[in-house]
Structures are given as C-alpha cells and as structure tokens.
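Notes follow the structure.
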Amino acid sequence: MSNDDPNAPKPDTFAALRYKDFRSYIGMRFFFTFAYQMQALIISTYIYQVTRNPLSLGIVGLCEALPAIGIALYGGYVADKSEKRKLLLTIFFLVFFASLVMMLVTMKSIDTRIHAGWIIPVIYAMVFLNGVARAFYGPATFAIYAHSIPKELYPNGSTWSSSSWQIASILGPAAGGLIYGYLGITPAFTIILIFELISLVLVLMLRKYPAVFIPKESIWESLSEGIHFVLNNKMMIYAMSLDLFSVFFGGAVALLPVFAIDILHVGAKGLGIMRATSALGAVLTMLAMTRFSPMNRPWRNLLIAVTGFGCSIICFGLSRTFYLSLLFLFTEGGFDSVSVIIRGTIMQLLTPEQMRGRVSAVNSMFIGSSNEIGAFESGTAAKLLGTVHSVIFGGSMTLLVVGFTYFKTKGLIPTRLQDIGANKSSL
C-alpha cells in the first residue's frame, strides 16, 4: 500500500523491536559499541600521557585500520560460509581477551614512563587484534540483521540499529573520559569488560544462523564474485560511492579543533559541544525516522540528503558565529543520518542471501577507509588552501559528486522501496 494513501494504517514505530532476535541484536551492538568507543578514547589518552608523542596516536589508528581493511574481503567470505552466532562469539572472545590484556598491562602507573618500552608495543598488538576482529564483525552482524526481522521492516530496523550505534558512540567516549579522569584506568577497563560480557550474553540469546553459502570454487573466485556483484549493481555502487566521496571531501570533523580554537575562539569546551551537536542531530533525526520513513522514494531522498550534507558543510565553513556553526553541524549530522538509513536499507534489500558477508566486506572497505582518508584530505587541503577554504572546497566537491551521480542515475529517481526488493538485478 502506498505511503500516500490516507487510509493506510499508521506506521508502527516499534515494529522491528517486536522481534526477539532483533532486540538481542541491537542490545549486543549497543553494549559492544559503547565498550569499543570507550576503550578507544582511554587507550589514546593513556598512550599520549605515557609517550607525549602525537605520532603514537597515529600508529594506534594504523594498527587497527590495516587488518580491518586488509582482510575485510576474507572476513566476508568466512562470514558467508560460517554459522553466524558462533563466529560472533569467537570475535567477541578475541576482543574481550585484548581488553583484558590491555587492562593488565596498564595497571602500572602512567607516571613511570620506563614501562612504556614494553607496555606500548603490547597495546599496539592488542589494537591490531581488535582490527582483525573488526574485519569479521561487520559481515557477520550484517547477515544477522538481515535474518532478525522481515524484509518489509528493514527501514524501521535500520533506523533503530543506527540510532543505538550513534547513542553508544556518544555515551561511550563521554563515560570513558569521566571514569578514567575521576577513577583511573583500571576501573574504566573493568566497565569495558563488563559491557563486553553483556554483549556476549546477548549473542548467546540469538538463535543460530547457519551458512547459506557453500563454496564450490576457490576462495579467490568467491571473493571475485562478491566484488563483481557490487561493481555491476548500479544502485549499490553509486550508493557506496556517494558515501565514500561525501566523507572524503566533506570531512570537516577532522578540522573542528582548528575552528574551535583559532576561528570561533571557544576552546576545548566549545569543541566538545561542537562534536556533540553533530551527533545529536544524527540521533534525533534517526529517532524521527522511526516514525517518518525516508524510504518512499529512497534514491531521490538519498540525493537530497547528501546535497543537504554538502550545503551544511559549506555554511559551517562560512560561519563566524558559534551558535550558527552549531546549527549547521546539527543539520550536517541530521542529513548524514538520513543517508545512512537509506544506504543501509538499500544494501540489505539488494544483497543476495548467499553473498551478504562478501558484499558487506566490500562496503566496509569503502566505509572503513573513507574516514581516515577524508581526515588526511581535509588536513592536506587545509595546509594548501587554509582551513576555511578547504572546508568550503570539500562541501562544494560533495555537491559536484551529487550532481554527477544525479545525471548518471536519473532512472533510479522514481524507484520505490518495493521496487528495490522486486527488481534487484535491474537496479
């Protein structure tokens, strides 16, 4: 029934939450993300306090990104041919082990820098192990989500899933900073381990998800099949590309410290408010989308959302008033959340059952690398053009990418949600 029908039943905001497996899934994702984000802040703070070397923070990111991106395709292959709950349990045990080791080695006082000679390499090794786990985590959870609710509830489920992730991503670092600052690193890691154990329990509450893909060819042929599928699906490859290039060019978040300190003159406290405002815009918009779905014309709405994202970035770059800048950061987060919901739903609907892991792995390579590369692009452009001009340039390039995508995908504009599920091969 059309969304425009006045006699249509009102949408059920909590439709996806009425399924037990989906509740376990988003609970698991919330507690895991909370612990993971909390740990990331604690580790980066600890390492900098010990080394006083900003380069060491870059090494932390590199240690996680290399395995996460480098073996993502293999992670998708394994996820497709494995029982998903068992695979997730293995992943979480690895992450729990890494957190436990980091807690044990950081029990030494950070004031005794002599320990940095062996503590820091151990932490790097555990962060690398987390990166390995991350390569398998995305494809496994992508497949579990797809089977936890009916296909017609994917938009509602994607909104709840993304909202829980965003909220955990806000609360995790905040809690980590407060607990670490007031109680110390060991109590902070204790909370992390407890939340990871809760995630493990929630995984155990999931039913088993047997493999739907039994490889009959070599691993390289299987991986190539996933890549070939993505590259030959017009809607999917353009959706991924929109995300990649909008983050690559529109990554103003990396330059927020410069705006806070040198342009808006609001200091570290203002910077914290700016970071929170963008996330708040994303969360509130996602909660609104549980009631008002953007999936009636998904491709049209995706292009509108990315356009709004680019315009918000440009306006933020031009603003010299703190509260006006907060407004544009709020709208940037809101528009970005709309595109996240639409892309996530499109991915779920277009991906064949037997290829969910491999397609998710290709997607994670796009998403997983865009933030780091976008931060590098923003820093380089700021060095060459100046901070303000680099942000305006990035927003303008985002709009150019949307314009190019519009002309290449005009035929997808009228597509409705039900058309995506029914005509996978022609999109």
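Using only the Cα atoms of the stretch 9-212, each taken as one equal point scatterer with no solvent, compute I(q) by the Debye sum, divide by I(0), and report log10 of the ratio at q = 0.10, 0.11, 0.13, 0.15 Å⁻¹.
Result of the Debye calculation: -0.45, -0.54, -0.73, -0.94.
Suppose R0 equals 60 Å; then what is the FRET efficiency for E152 and L384 from their Cβ-Cβ distance, rounded to the nearest 0.05?
Numbers: r = 49 Å, r/R0 = 0.81.
Given R0 = 60 Å and the Cβ-Cβ separation, E is 0.80.
If you take the beta carbon distance between R207 and F97 as r and set R0 to 30 Å, what does 1/(1 + (r/R0)^6) give as a FRET efficiency, to the nearest 0.05?
Numbers: r = 26 Å, r/R0 = 0.85.
With R0 = 30 Å, the Cβ-Cβ based efficiency is 0.70.
Would any residue of the stretch 146-165 have its amide N under 11 Å from a label point 7 Å out along Cα→Cβ of D12? List them or say none.
Counting backbone N atoms under 11 Å from the label point, the list is 150, 153.
A short reminder: the numbers here are calculations on the coordinates, not readings from a lab. A quick note: this is a predicted structure, and the numbers were derived from the prediction, not measured. Counting neighbours? That spans all protein chains shown, and the Cβs are built from the backbone with ideal geometry, glycine included.
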